[in-house]
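Read through the structure below, which is laid out as structure tokens, and then see the notes.
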Amino acid sequence: MIHIHKTPLELLDDIYSLAYWMTGSEKASEELVNRTYVNIEDHASEQEIFKTFRDCYVDSYGQQAEIDIPEGEQRATTSLLSSLKRKAADVKLSVLLSEVSGLHHAQISQILDKPVETIRTWLFWGRKFIVRDSMLKASA
């Protein structure tokens, strides 16, 4: 199978679409795209661009949650929350990379630095969660 490599400029629309699906906001999407492109080299590969996008998203937004944490437990809990935010963002991003950008499991695996089997599992559950969330929002 032939895979056409895109330049950073050619990926701009894909990155914006991913940003919009991840944030749900035009302003946040523009900021995320700008932040991604500020942090990449001129001749970055697709994989490097998607990895940078992932890092920028998690750093900026993650899966924001308001949780009350007792002061003595903040350090351990903060590390756990950070890990959970990254995993939730990676599951959502894996679905979007597959559905919006049309990437294959192996390509997503390289971008997220996870085994292909993990990506397959994330795609299965991530699609279910996205459909369920869409149905809940539509009924609200």
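The values are calculated or read from the model by the stated rules, or taken from the named source; none is laboratory data. All values reported here derive from a predicted model rather than from experimental measurement. Cβ coordinates were reconstructed from backbone atoms using ideal geometry, including for glycine residues, and neighbour counts include every protein chain displayed.
Looking at ARG132, is it charged (D, E, K, R), at pLDDT below 85 and farther than 22 Å from SER45 by Cβ? Judged against the criteria, ARG132 is a match.
Scanning segment 72-86 finds no residues that are out of contact with any strand residue (DSSP E or B) (no Cβ under 9 Å at 6 or more places or on another chain), modelled with pLDDT under 90 and not in a helix (DSSP H, G or I).
Considering only residues that are part of a helix (DSSP H, G or I) and in contact (Cβ under 8 Å) with a residue 24 or more places away in the chain, look in segment 39-55 and name the one that is farthest from ALA89 (Cα to Cα). Ranking the qualifying residues of segment 39-55, first place goes to GLU46. Give just the number: which of (1) closer than 19 Å to LYS92 by Cβ; (2) in a loop (DSSP other than H, G, I, E, B); (3) not charged (D, E, K, R) does THR7 not satisfy? Among (1) closer than 19 Å to LYS92 by Cβ; (2) in a loop (DSSP other than H, G, I, E, B); (3) not charged (D, E, K, R), the lone unmet condition for THR7 is (1). Among the residues of segment 90-111, those identified as closer than 16 Å to SER17 by Cβ, in contact with a helix residue (DSSP H, G or I) (Cβ under 7 Å, 6 or more places away or on another chain) and part of a helix (DSSP H, G or I) are LYS92, LEU93, SER94, VAL95, LEU96, LEU97, SER98, ILE108, ILE111.
Selection within segment 92-102: residues that are without any contact (Cβ under 8 Å) to a residue 40 or more places away in the chain and surrounded by 14 or more Cβ atoms within 10 Å (Cβ to Cβ). The member of this set that is nearest to the chain's Cα centre (by Cα) is SER94.
If we scan segment 20-38, do we find a residue that is closer than 17 Å to TYR61 by Cα and assigned to a loop (DSSP other than H, G, I, E, B)? So far as segment 20-38 goes, yes, one or more of its residues are closer than 17 Å to TYR61 by Cα and assigned to a loop (DSSP other than H, G, I, E, B).
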